[in-house]
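K.L.:
Pasting a structure below so you can have a look.
The values are calculated or read from the model by the stated rules, or taken from the named source; none is laboratory data. What you see is a predicted model; the values in this text were computed from it and never measured. Note that each Cβ is placed from the backbone with ideal geometry, even for glycine, and that neighbours are counted across all protein chains shown. Just the protein is used for accessible areas: all its heavy atoms, side chains included, with ligands, DNA and RNA removed. Shrake-Rupley method; radii C 1.70, N 1.55, O 1.52, S 1.80 Å.
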Amino acid sequence: MIILVVNTGSSSLKYQLINMDDNSVLAKGLCERIGEDGHMNYKTDAGTVFDHDVPLPDHGVAMQLVINALTDPEHGVIADMNEIGAVGHRIVQGGYLFDKSEIITDEVEAGIEELCTIGPLHNPPALVGIRACKKVLPDTPGVVVFDTTFHRTMPDECKYYAIPWEYAEKYHVQRYGAHGTSHRYVSERCAELMGKDPKDLNIITCHLGNGSSITAVKGGKCYDTSMGLTPLEGLVMGTRCGSIDPTVVSFIYEQTGMPVKEITDMMTKKSGLLAVSEISGDVRDVCIAEAKGNHKAHVAREMLLRSVKRFIGAYIAELGQVDAIVFTAGIGENDAELREKVMDNFGFMGITIDKKKNDCRGKEVEITGKDSKVRVFIIPTNEELMIAKDTQALVEAM
Ligand code: ADP
């Protein structure tokens, strides 16, 4: 089966066409600046590349241009759009309604719409993407895969905040987590690499990118994760502050009169590494500045290291026993120095890495040190493949 995986943002549409016979990516790309001036990028396995400005007034036009490119007589990878067996959509917030991936029905769409209150930035564009796909591929089944469903297995002590129950009961204030598809993929892949059943393993997965989260995976299921009601909780990130004393919000409000929405915006888009370094939210730029002796860049870097160490340490304590630690995403896969500095702190517990093996970027590799009590891996994440696998399984069972 050939599956189109779609990830829609407010002004973007990322896509991958995957052949499930061998998991190969036939084509992939990105439509950007939808509703503005429009730009489309398309790449095939054979090396064809389109990268040009093109009018993209809405997501429907973008979707049609993707189908046109995929079926183009010269540069296409399929003869006809009917070769696409199903479309898999990435949905960020499945909230309290979805515990697994679902075939798209009117009821499922209504559920995603209801969840716009807790996923205001991501669910509305995802719905636009679903509707654009339906228009262009009316006879092709669609599946939604949620970033949050992997975390639905958290026990209540991890799922809820220690505030009065009425906020959870009436307003669904609870911890939903994020990056679940990535944590699921790398934890399952880690078990595969170890030749073990995920049920028999406890794994800590570190998804460290622009947005970062760490998950404690117990017996193949999420036990705890660092993100909460929104992806603002947890680690220090590129532009997000991560966990802070919540009264910082009311204090800033009282001192400055800044509206709460603006404070949230400041903590989401203008904080983290960007705010502390006053240089950039990108780790690479922070490291360059740190190497030149910039103190604020050094503090930003140390804050990132501190938060990764704290969550790994916390999850070792919560799980009681750990078999593997996995690093993934932009920072996790590429930042050898971060992996080394973080893991050095666990040496006293008998957890070590092989510094030579660790000296690599973006490769699937085990970096466990000699006699280490816990195995350590770098596993490039593949959320699209996970979405395609769920999509295939649900469509075949229809
Ligand atoms: P997103 O959360 O947007 O998917 P990614 O997982 O692609 O982000 O991660 C992007 C981040 O990865 C960049 O902002 C950068 O900080 C970091 N990164 C990428 N390459 C390197 C590298 N070689 N060394 C350190 N950090 C890197």
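K.L.:
Report P(r) for the chain: all Cα-Cα distances, bin width 10 Å, range 0 to the bin holding the largest distance, values in whole percent.
P.N.:
Using 10 Å bins, I get a P(r) of 5, 21, 30, 28, 14, 2, 0 for the chain.
K.L.:
In addition: Can you tell me the order of 19-25, 203-209, 270-276 when each peptide is scored by its average per-residue count of other Cβ atoms within 10 angstrom, highest first?
P.N.:
203-209, 270-276, 19-25
K.L.:
For the chain, what does -39500 (n - 2.57) per DSSP helix run (n ≥ 4), summed and divided by total residues, give at 222 nm, in deg cm²/dmol to the nearest 500? Don't skip to the end; give the middle numbers.
P.N.:
Working: 15 runs with 154 residues, N = 398.
So the helix-based figure for the chain works out to -11500 deg cm²/dmol.
K.L.:
Across bins of 10 angstrom width beginning at 0, how are the C-alpha pair distances of the range 145-289 distributed, in whole percent?
P.N.:
11, 33, 33, 18, 4, 1
K.L.:
Would you please give the FRET efficiency between Tyr253 and Met1, computed as 1/(1 + (r/R0)^6) with r the Cβ-Cβ distance and R0 = 51 Å, to the nearest 0.05?
P.N.:
E between Tyr253 and Met1, to the nearest 0.05, is 0.45.
K.L.:
If you stretched the chain out fully between Lys356 and Asp106, how much longer would it get, using 0.36 nm times the residue separation minus the C-alpha to C-alpha distance?
P.N.:
Details: separation 250, 0.36 × 250 = 90.00 nm, distance 5.30 nm.
Contour length minus Cα-Cα distance gives 84.7 nm.
K.L.:
Return one whole number: the accessible area per residue of the chain in Å², for a 1.4 Å probe.
P.N.:
Counting only protein heavy atoms, the per-residue value for the chain is 46 Å².
K.L.:
Rounded to whole Å and ordered largest first, report the semi-axes of the equivalent ellipsoid of the range 50-107 derived from its Cα gyration tensor (root of 5λ).
P.N.:
For the range 50-107, the semi-axes come out at 29, 16, 10 Å.
K.L.:
Which of these, Thr247, Thr264, Thr381, has the largest mean-square fluctuation under a Gaussian network model of the chain (Cα springs below 10 Å)?
P.N.:
It is Thr247.
K.L.:
List the aspartates and glutamates whose Cα lies under 18 Å from the Cα of Lys100, skipping any in the same chain that are fewer than 8 positions away.
P.N.:
Glu109, Glu113, Glu114, Asp147, Glu188, Asp224, Glu383, Glu384, Asp390, Glu396
K.L.:
Using only the alpha carbons of the range 136-186, determine the length spanned along each of the three principal axes and report them from longest to shortest in whole angstroms.
P.N.:
Computed over the Cα atoms, the extents are 47, 29, 13 Å.
K.L.:
Scale the Cα Rg of the range 32-182 by the rule-of-thumb value 2.2 N^0.38 Å and send over the ratio, two decimals. Numbers along the way, then the final one.
P.N.:
Working: Rg = 18.5 Å, N = 151, 2.2 N^0.38 = 14.8 Å.
Dividing the Cα Rg of the range 32-182 by 2.2 N^0.38 Å gives 1.25.
K.L.:
Let me ask another. Can you list residues from other chains, or at least 5 along the same chain, whose modelled amide H is less than 5 Å from the amide H of Phe327?
P.N.:
Cys206, Phe377, Ile378, Ile379
K.L.:
Taking the alpha-carbon distance from Lys196 and a cut-off under 17 Å, which lysines remain once sequence neighbours fewer than 8 residues away in the same chain are dropped?
P.N.:
Within reach: Lys218, Lys221, Lys373.
K.L.:
What FRET efficiency comes out for Glu192 versus Ala397 if R0 is 22 angstrom and r is the Cβ-Cβ distance? Round to the nearest 0.05.
P.N.:
Details: r = 23 Å, r/R0 = 1.03.
The formula returns an efficiency of 0.45 here.
K.L.:
Using a 1.4 Å probe over the heavy atoms of the protein chains, calculate the carbon and sulfur portion of the accessible area of the chain as a whole percent.
P.N.:
Values: 9540 of 18450 Å².
Within the chain, the accessible surface is 52 percent carbon and sulfur.
K.L.:
Still on this structure, please answer the following. Quick one: if you stick a label point 7 Å off each Cα along the C-beta vector at Val260 and Ile244, how many nm between them?
P.N.:
1.6 nm
K.L.:
Something else: With θ set to phi - 60°, apply the Karplus curve 6.51 cos²θ - 1.76 cosθ + 1.60 along the range 304-314 and write out the HN-Hα couplings as whole Hz, x wherever there is a Gly or Pro.
P.N.:
Once θ is set to phi - 60°, the couplings for the range 304-314 become 5, 4, 4, 6, 5, 4, 4, 6, 4, x, 4 Hz.
K.L.:
Over the range 109-221, consider all pairs of different Cα atoms and compute the Kirkwood hydrodynamic radius from their mean reciprocal separation; express it in Å, one decimal.
P.N.:
Taking the inverse mean of 1/r over all distinct Cα pairs, the range 109-221 comes out at 16.3 Å.
K.L.:
Between Val143 and residues 5 or more places away or on another chain, which pairs have amide H atoms under 5 Å apart, with H built 1.01 Å from N, and which residues are they?
P.N.:
Excluding prolines and chain starts, which carry no amide H, the hits are Val87, Gly88, His89, Ile104.
K.L.:
Continuing with this model, one more query. Counting only residues 5 or more places away or on other chains, whose amide H sits under 5 Å from the amide H of Cys222 once H atoms are built in the peptide plane?
P.N.:
Sorted by chain and number, the residues that satisfy this are Thr153.
K.L.:
Would you list which lysines come within 20 Å of Lys269, measuring only between C-alpha atoms, while excluding same-chain residues fewer than 8 positions from it?
P.N.:
Once the sequence-local lysines are set aside, what remains near Lys269 is Lys261, Lys296.
K.L.:
Per 0.36 nm of contour for each residue apart, how much would the distance between Asp285 and His75 grow if the chain were fully extended, relative to their Cα-Cα spacing?
P.N.:
Working: separation 210, 0.36 × 210 = 75.60 nm, distance 3.70 nm.
In short, 71.9 nm is gained.
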